[in-house]
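The values are calculated or read from the model by the stated rules, or taken from the named source; none is laboratory data. Values in this document were obtained by computation on a predicted structure and should not be read as measured data. Every residue, glycine as well, gets a Cβ built from its backbone with ideal geometry; the counts of neighbours run over all protein chains shown. We work out accessible area using only protein heavy atoms, side chains counted, and drop any ligands, DNA or RNA first. Shrake-Rupley method; radii C 1.70, N 1.55, O 1.52, S 1.80 Å.
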Amino acid sequence: MPQDMVASPGFISHGITTMITDIIQAIFAALSVGSMYALVALGVTLIYNSTNIINFAQGEFVMLGGMTMVTLYGQLKWPLYLSIPATIAITVLVGMGLMKVSYRPGKSTSLITVLIITIGASLFISGSALHIWDADIHRFEPFSGEIPLKLLGAAIAPQSLWIIGLTVLVVVLLVVYFQFTIYGKAMKACALDRTAASMLGIRVKNMVLLSFAMSAALGCVAGIIMTPLTMVDYNGGMLLAIKGFSAAMLGGMGSFVGAVIGGFVFSFLESFAATFVTSRLKELVTFIVIINVLLFLPRGIMGPRVKEGLEQEEVLGD
Amino acid sequence: MRKQVVILLVILLSVTLYTFSAHAAEPIRIGSPLLLSGTGAYVGGAEKDTLEMMAADLNKAGGINGRPIEFIFYDEEGKPDVAVSMVKRLIQKDKVSAIVGISTSWTALPIIPIVEKDEIPTIILAAAIKIVDPVKKWVFKTPADDRIVTSKLLSYMQSQGIKRIALMSTQDGFGDGGRSEITAQAPSFGISIVFDDKYTMQDTDITPTLSKIKKTDAQAVINWSSQRAPIILTMNYRQIGLDLPLYQSHAAFSKDFLDATGKNSEGVKTAAMKFYGAEKLPDSDPQKKVILGYQEAYKKKYGKETNQFGGCALDGFNILVAALKKAGDDKNKLRDAIEQTKGYVGIHGVFNYSPTDHGGISKDSILMYQAAGGTWNIIK
């Protein structure tokens, strides 16, 4: 060890403290941003699992949740226990409407067509929001004030704790739902094999409707808890959907655990790149990693390790 | 027989009407591509409302030497390619005499070569200094630009004894424009930039980057970004307890910024136009009456508040109309008349165009403001 560093232990400990503060700050930022990505990715996964549809309108549920909450809670001053259920109910209705237009079992609509339908729905919803509300950026007061909490010099907004806490709760509820309830199992069955599931008496269409409703509710909850920190405007949905979709891809399309992991990998990369490289190169660093992950693990981190399509045929040919 | 008479009458009537209308004063057509959708729709919205209001009043009062003025609005969507095709359409299909419009700097720059080539007098409502520097023969602009605002800001900081600053900006036309002006001008005010990092408009948490500023010896922070970015930056800034004075660009200078950031905005300083603090201006300021009069007229007509962008449109409209009244719609004469605009007291300054200055306003049209108790107060 060089002499001068030994000679000034104070300097070293100061350097280490600021380093630790930086790391904790980066983790705080990553946790709250990652929760957002994870909630959107979970919504994308829910619908993908029951229908194979990649729903690019998922971000619109987030936007709708935020905007409706701005009106009910921020402007009309409804109490939280009324405004949250009302907001979720409205968004769920929109989600069910989306299912009616995008899901056509038995009709030979290609995946691309359905994809375009969801993109169209996304534009339709954000366009309608522009007319219902306006083009301004909105926000309402956080649930537990704005005085940041400090840990070793790093600060976190109380609202971030709501975001992280609710994300954990949502993940736990989803796991319980799919593992231990008959509806959850039925939905999983639909995802595995729709025809077989319907032969066993599961009403596939109802399950699909339920998955759209749940997905809308998820997006809505994300919108409600995020808005005090990130603001909401009618136009923000598509970008969120793309981030959520990328997170779901990274984690492995179709896997709930993967969606959550994907969301956090995304946010941690962004946050640490901003801290230790420069935020100028944040996106670059993030996407270099993601492209590499997908090159070497084409089905994402938690994706199924089975071969499909042409690859499968090769296997059969052996 | 009666039926034929009726048909004949109708034909006669329409022919007369047609010839009559052809002889009636032909409207002067002005093209106006504005940002009318997307997050920035409030920018073009206020501009369009203002132009429509002014045109209606002008036409009611007899138009320009008896000819009504007609605006053709298109949505440029904030996209360079859309702006280019809309401008081409205005010139080739709609045959406009002049253009007043283009809401953003990044859509303004790509349309300049087109109006220069087709020689259309154009008053742009976006701020970037590159629009008029170097001077383009056919292009003028009304908003205060980064150069004027940053020079006011830096001279104020110098007067406060600030020598080292940290600079944050977004990676877009607005952020880059401000950043390059600050970087270029800072040395002449004896200010050095000790930290310089960028973020994007989509970022929702910039605490990791901001907390790096704590480790520098900067005495103040300048943030140059627009739309929601200054709001998020201010919240994050307070969240991590950064206690250096925070200076924002003029994009943060709005009621929306104060509403969205609440108590967090307390103490934030900015250099901006006189637009929002007009009632606090001394009566000796000639702009006071103009600004308040416009704000009142807009509110009366539309039942809502206008914004500074609407003000840019008003200035563009008045300058163009004065030139049209003087020179008619011959494009060469019109251009010369716009360039000869002198002493027009507008929303964003007192305009004096010249062959070497198509921006028209000076540093004197900018004031320093500080947020306190939910309003912007003028500071010296």
Starting from segment B:32-101, pick out the trypsin sites (Lys or Arg not before Pro) whose DSSP state is loop and whose Cβ has at most 16 other Cβ atoms within 10 Å.
B:K93, B:K95
Give the span of chain A's Cα atoms along each principal axis, as three whole-Å numbers ordered largest to smallest.
77, 65, 36
Neighbourhood charge, 11 Å Cβ-Cβ cut-off, centred on B:L35 and excluding it, Lys, Arg +1 and Asp, Glu -1
-2
On full extension of the chain, what length is gained from A:V168 through A:E283, given 0.36 nm per residue of separation minus the C-alpha to C-alpha distance?
38.8 nm
A 20 angstrom limit on the alpha carbon distance is what I want to check against. Which of B:K269/B:K342; B:K274/B:K326; B:K141/B:K342; B:K141/B:K301; B:K141/B:K280; B:K215/B:K380 exceed it?
B:K269/B:K342; B:K274/B:K326; B:K141/B:K301; B:K141/B:K280; B:K215/B:K380
With DNA, RNA and ligands ignored, accessible area of A:M214 (1.4 Å probe; Å², nearest 10):
40
Check which residues have an amide H placed less than 5 Å from B:Y74's amide H, if you skip close sequence neighbours.
B:S32, B:L34
Roughly how much accessible area, to the nearest 100 Å², goes out of reach of solvent when B and A pair up, both sides summed, probe 1.4 Å?
2700
Kindly give Rg over Rh for segment A:112-192, based on alpha-carbon atoms, with the Kirkwood expression for the hydrodynamic radius.
1.15
With an 8 Å cut-off on Cα pairs and a minimum separation of 6 or more residues, tell me the relative contact order of segment B:143-263 in percent.
27
Using Cα pairs closer than 8 Å and at least 6 residues apart in sequence, work out the relative contact order for chain A, in percent.
33
A:L294 paired with A:R104, simple spin-label distance in nm, labels 7 Å along Cα-to-beta-carbon
2.8
On full extension of the chain, what length is gained from B:K304 through B:V194, given 0.36 nm per residue of separation minus the C-alpha to C-alpha distance?
35.3 nm
Segment B:171-277 - Rg and Dmax from Cα coordinates, angstrom
13.3, 37
Take every Cα pair under 8 Å in segment B:286-380 that's 6+ residues apart, average their separations, divide by the length, and report that relative contact order as a whole percent.
20
Whole-number accessible area per residue in Å² for the protein assembly as shown, which is evaluated in the context of all protein chains at 1.4 Å:
44
Between B:V345 and B:K263, how high is the FRET efficiency from 1/(1 + (r/R0)^6) when r is the Cβ-Cβ distance and R₀ = 45 Å? Nearest 0.05.
0.75
Starting from the Cα-Cα distance between B:N59 and B:S159, subtract it from 0.36 nm times their residue separation and give me the gain in nm to one decimal.
31.1 nm
Run a plain Debye calculation on segment A:46-201 (Cα atoms as equal point scatterers, no solvent) and give log10 I(q)/I(0) at q = 0.09, 0.16 Å⁻¹, rounded to two decimals, same order as the q list.
-0.42, -1.11
Below 10 angstrom from the Cβ of B:G241, what's the summed charge of the other residues (Lys, Arg +1; Asp, Glu -1)?
+2
Two pseudo-spin positions, 7 Å from Cα along C-beta at B:K363 and at A:W78, lie apart in nanometres by 5.4
Report Rg(Cα)/(2.2 N^0.38 Å) for chain B, keeping two decimals.
1.11
Counting Lys and Arg as +1 and Asp and Glu as -1, each charge on the Cβ, what is the dipole of the protein assembly as shown about the Cα centre in debye, to the nearest 20?
1120
Go through segment B:154-167 residue by residue and turn each phi into a ³J(HN,Hα) via Karplus (6.51, -1.76, 1.60, θ = phi - 60°); whole Hz please, and just put x for glycine and proline.
5, 5, 5, 4, 4, 5, 8, x, 8, 10, 10, 10, 9, 10
Provide Rg and Dmax in Å for the protein assembly as shown, with only Cα atoms included in the calculation.
29.0, 118
